Structures are given as structure tokens and as C-alpha cells.
Amino acid sequence: MALIKDNWRHWVSSRSQQASLASSLLAGFAGMAMLVDADGVILSVNPGFARYSGHPAHTMLGRRVTCLDVDPLHGDIGRALASSLARRSIWRGVLQCRRADGQILHQQGVFQPLDTRPGESLRVLVTLHDITDLYQGALRDHARLESLQGTLDRLPDVVFQLCQSARGNLEFRYLSAGLQALAGLAPHSVMNDAETLLARIEDDDRQRLDTALAQSAVSLTPLVLECRLALGDDACWIEWRASPRRYHDGDTLWDGVLLDISTRKREEQRVKKLISTDMLTGVLNRRAFFDYGEAVRALAARHGRAVPIAMLDIDHFKRLNDTYGHAAGDLALKAFAATSRDCLRPYDLFARIGGEEFAVMLVDTSPVEARIVLERLRAAVEEIRLDVQGEMLGVTVSLGLAVMPPQGSLELALSRADEALYRAKHKGRNRLVPAPGYPEPDGLTR
């Protein structure tokens, strides 16, 4: 009997504490709280109801909760209550209410059906919390984001966000609409698979990009790189400019821009061609010959190869100029340069050193093969015929040939070729004379 009394007192105390806690929560709730029946009739309200709704509490008891709706017949509150009752579950969401003074508020609403004993009517606890300021702020932020997105979409370049995971996997987190104009790719397709864009980068440039990304990720220094992007049968130049940041999980994120620099690269190449080309003949000039020649010399030295070098001089050129004028001399120079260039491979260096003197550097050619190539060039020049003032004139060339050893000097090799050219002139012109010690052909033919 004592045990029953103890249990009863414990139950009564527990119920009293729960009621006290519920009352405290309702009293301190910063918003409207209502208990409504299955028809939406308000049965009771919390103490803060009048302050947040503008309606005196006693005037609302017995009225439908939809009277707080912007549209009492088809508003948000009516739909939320119907949904909660139909599903017998909590409904949560944002809805609009009207205060007593007519002000429209955005409320975070919760509709909670309450458990009932058998025979009791269904009750729903409704709480509405004013989030108008937050909602209006979110609308302003959304408008700013839409404006920013519109600005990004109108940019001619591509704004991007690229992530490299700790395992090295690349993923584009964002790409602006300019990608469509730049590469003919939809941004969402590249965000789904980064290789859709990266696979179009030329192989050599892709290796340089991977290296640059690795260096930027380690040092957290800006990424700046130019590369070629394949566009069907064509290609364009793009420049990567981005700043990295590191996350605690090891991922690296770059915020940057892709710039279409095709026009700039074309202009650079045009200027480069202008400063490296002899304007009359279209072949390399002296400065370019030495610049490119040093690169060929360095590569040959690394591989332990010798490089044949020749000096060429058009025979009796001064007499041609003095007799027929400079126009005839220019015609002879252009014809000679075009014929010589046709006898050489695209990667052999051929330059006008000055006046009627030219130089040749034969890349990846043995000294014996070089003699054959240059003899063929000499014979081709001998076939040239120029129509000058109704008279057909021939042109011949003298050649001096030397070899630059793997660790040799370009200037020294040219000097030896020039000495051999001098001997060719004195031996009667229209001939090829190798420098002393130049390898013999040993019967090699082509």
C-alpha cells in the first residue's frame, strides 16, 4: 500500500513538473504559440501571443487560426494545418501572416499534432516565430548573388574555382558562363567531369599545368600559366591566373580566371617574326640565327652530337648590283633564299647574315650527310634563271662547311666555315669546300 502511494506521489510530482516546464517554455517563447483543434479553432495561446500578433489574446479564443493568414481562405496557414492533420506528422516551413495592424510578416511555422487518449479530440500545437528580418536579408543577399552572377556571366573571360583533393583529383567547383564562348563547353558538364576541359589542353602544356598546380599547392603561391586549348581543328591560347588556399583536410582550392589570350599571342608571334626575320628574303636574320643556334648547340651538347654549319655567299653579287641595279640584286637574293630554303628541312636554321652572305645549321644531320644536302642546294641554285631587263641571268653560290663539336663554340664553327668559304671563292666559286679535318664521305650516297 505504501509503494502505491509513493508511486502516485511521484507521478503527480512528475506531471506537475512537466506542466511547469511546459508553461515556462510557452511563457518564454519569442513568438506565437497556440493550441488548436482539428478544425483549426484556437483553444489557448501563449502569453506572448498579443505582443507578436497585435491581437488581444481573449479576442482570438474560439476563432480559427486561419484568421492570421494573409488570405484566410487559401493562405499558407490553412495549407500547413491541412497537411499536418492529413499526415498526422509535424509540418515545418516558412509562411506569411498578417498582424492586426496589417503588417505582413514571414514566420517560421511548426504544426505538431499531439498525442491523445482514446476518446479525446485531436489537438495541434502551432508555433510561429517571426523571421521577417532574416527573410528580407536573405532576399537581399539572393538579389546580390543574382546580380553578381549576371556580372560574371557577362564577362568575356571565365571565372573558376578549382579544387585538388589530397589525393590529387581535380574538380571544378564553379565555372562562369564565359566557358561556353571560350571553349564551346557548358559549365555544368565540366563541373561534373573536369577532364571534359583538361583533356583538350595540348599534351606538353598539360604536363606544365600539372607541374604548376603542384608547385602552387605546395608553396601556396599564385598560379600563372599559358597553354594551348584544342578547339576542333583549331586551337586557342588561354592563361590561368589563380590564388590558392589550403584546407585542413589537405584539399587545395584555387580561385581564378581563364583569359583568352589568342589575340595577344598572335601579336607576339607577329612581332617575334618581325624582329627575327630578314624583311627582304623572309629567312632568319643574324640575331635570330645566333639565338636559335645557341639552343641547337646546347641540345646537341647534351646528346654528344656534332652539328654541321655552313657559310654561303652568292658569287659575283657586287657585279650584278653594279651592272643591273639594286632591284636585280634584290631579285637574286629572294630567288636564292627561296631555292635554298626548299632544299632544307623546316627545322634546319637558314639565315641571312649580311649582304649576300647566308648561314646554315643542319639539325640532327651527320657531317657526311650535310655535304650531300649542301651539294644538292648548290646544284639547285645553279639552275636559277632571272629575267632582268629581258636578259636571262644565272646565279651560283660558294659554300664553306665546318663542324661544331659537341662542346664547341658556335662563333668558332662559323669562323672556320667562313675561312672555308674564302678558299671556295679562290678555287673558282660555285663549289663547296669543307674546313680542314672535316669528315670524308667514305663512299656514302643518297
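The values are calculated or read from the model by the stated rules, or taken from the named source; none is laboratory data. Nothing here was measured: the structure is a model prediction, and the numbers come from that model. Here the Cβ is made from the backbone with ideal geometry for all residues, glycine too, and neighbour counts use every protein chain on show.
If we scan the range 424-432, do we find a residue that is surrounded by fewer than 20 Cβ atoms within 10 Å (Cβ to Cβ), part of a helix (DSSP H, G or I), in the same structural domain as Ala310 (by TED's automatic domain parsing) and not basic (Lys, Arg)? Steps first, answer last, please.
If we filter the range 424-432 for residues that are surrounded by fewer than 20 Cβ atoms within 10 Å (Cβ to Cβ), which is where we start, we get 425-431.
Remaining after also requiring part of a helix (DSSP H, G or I): 425-426.
Checking which are in the same structural domain as Ala310 (by TED's automatic domain parsing) leaves us with 425-426.
Add one more test, that the residue is not basic (Lys, Arg), and what stays is 426.
So far as the range 424-432 goes, yes, one or more of its residues are surrounded by fewer than 20 Cβ atoms within 10 Å (Cβ to Cβ), part of a helix (DSSP H, G or I), in the same structural domain as Ala310 (by TED's automatic domain parsing) and not basic (Lys, Arg).
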Q. Taking the range 230-240 only, how many residues are surrounded by 15 or more Cβ atoms within 10 Å (Cβ to Cβ) and in contact (Cβ under 8 Å) with a residue 40 or more places away in the chain?
A. 2
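So that you can scan it fast, the table gives a plain yes or no per residue for (1) out of contact with any Asp or Glu (no Cβ under 9 Å at 6 or more places or on another chain); (2) exposed (fewer than 13 other Cβ atoms within 10 Å of the Cβ):
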| residue | (1), (2) |
| --- | --- |
| His142 | yes, yes |
| Pro156 | no, yes |
| Asn169 | yes, yes |
| Ser176 | no, no |
(Q) For a quick check of your reading: which helices (runs of 4 or more DSSP H) sit entirely within the range 165-215 and have at least 1 residues that are hydroxyl-bearing (Ser, Thr, Tyr)? (A) 187-192, 195-198
Q. Within the range 241-270, restricting attention to residues that are of a type in the set (Val, Ile, Thr) and surrounded by 11 or more Cβ atoms within 10 Å (Cβ to Cβ), which residue is nearest to Ser216 (Cα to Cα)?
A. Thr252
Q. When you look at Arg416, is it of a type in the set (Lys, Arg) and either under 30 Å from Tyr324 (Cα atoms) or in a strand (DSSP E or B) (or both), yes or no?
A. no
Q) Going through the range 344-361 one residue at a time, which ones are over 19 Å from Ala402 (Cβ atoms) and either out of contact with any strand residue (DSSP E or B) (no Cβ under 7 Å at 6 or more places or on another chain) or among the aromatic types (Phe, Trp, Tyr) (or both)? A) Arg345, Pro346, Tyr347, Gly355
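Kindly indicate whether any position in the range 255-275 is of a type outside the set (Gly, Ala, Ser), assigned to a loop (DSSP other than H, G, I, E, B) and in contact with a strand residue (DSSP E or B) (Cβ under 7 Å, 6 or more places away or on another chain).
First, pick out the residues of the range 255-275 that are of a type outside the set (Gly, Ala, Ser): 255, 257-261, 263-275.
Retained after the next criterion (residues that are assigned to a loop (DSSP other than H, G, I, E, B)): 261.
Pick out the ones that are also in contact with a strand residue (DSSP E or B) (Cβ under 7 Å, 6 or more places away or on another chain) and you get 261.
Yes, there is a match, as at least one residue in the range 255-275 is of a type outside the set (Gly, Ala, Ser), assigned to a loop (DSSP other than H, G, I, E, B) and in contact with a strand residue (DSSP E or B) (Cβ under 7 Å, 6 or more places away or on another chain).
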Q | Qualifying residue in the range 362-370 (condition: within 22 Å of Arg286 (Cα to Cα), of a type outside the set (Val, Ile, Thr) and touching a strand residue (DSSP E or B) at 6+ places or on another chain (Cβ under 7 Å)) | A | yes
Q) In the range 327-356, which residues are in contact (Cβ under 8 Å) with a residue 60 or more places away in the chain and farther than 27 Å from Gly304 by Cβ? A) Ala328, Ala332, Ala335, Phe336, Arg352, Ile353, Gly354
Q: Name the single residue, out of those in the range 50-63 being under 16 Å from Gln96 (Cα atoms) and in contact with a strand residue (DSSP E or B) (Cβ under 8 Å, 6 or more places away or on another chain), that is surrounded by the fewest Cβ atoms within 10 Å (Cβ to Cβ).
A: Tyr52
Q. Residue check: is Ala186 among the small types (Gly, Ala, Ser), touching a helix residue (DSSP H, G or I) at 6+ places or on another chain (Cβ under 9 Å), modelled with pLDDT under 95 and surrounded by 11 or more Cβ atoms within 10 Å (Cβ to Cβ)?
A. yes
Q) In the range 211-229, what residues are over 24 Å from Leu179 (Cα atoms), among the hydroxyl-bearing types (Ser, Thr, Tyr) and free of Cβ contacts under 8 Å to residues at least 12 places away in the same chain? A) Ser219
**Q.** Verdict on Arg305 being under 23 Å from Ala420 (Cβ atoms) and in a loop (DSSP other than H, G, I, E, B)
**A.** yes
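Output yes when any residue across the range 346-359 is hydrophobic (A, V, I, L, M, F, W, C) and under 21 Å from Pro436 (Cα atoms), and no when none is. Outline the logic, then answer.
Initial filter on the range 346-359 (hydrophobic (A, V, I, L, M, F, W, C)): 349-351, 353, 358-359.
Okay, now just the ones that are also under 21 Å from Pro436 (Cα atoms), so 358-359.
Checking the range 346-359: at least one residue is hydrophobic (A, V, I, L, M, F, W, C) and under 21 Å from Pro436 (Cα atoms).
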Q: Sort out which residues of the range 240-274 are polar (S, T, N, Q) and touching a Phe, Trp or Tyr at 6+ places or on another chain (Cβ under 8 Å), and write them in order of number.
A: Ser243, Ser262
Q: Can you run down the residue pairs with Cβ atoms below 6 Å, 6 or more apart or on separate chains, where the first is in the range 260-286 and closer than 17 Å to Ala337 by Cα and touching a residue at least 12 places away in the same chain (Cβ under 8 Å) and the partner is of a type in the set (Val, Ile, Thr) and part of a strand (DSSP E or B)?
A: Arg286/Ile353
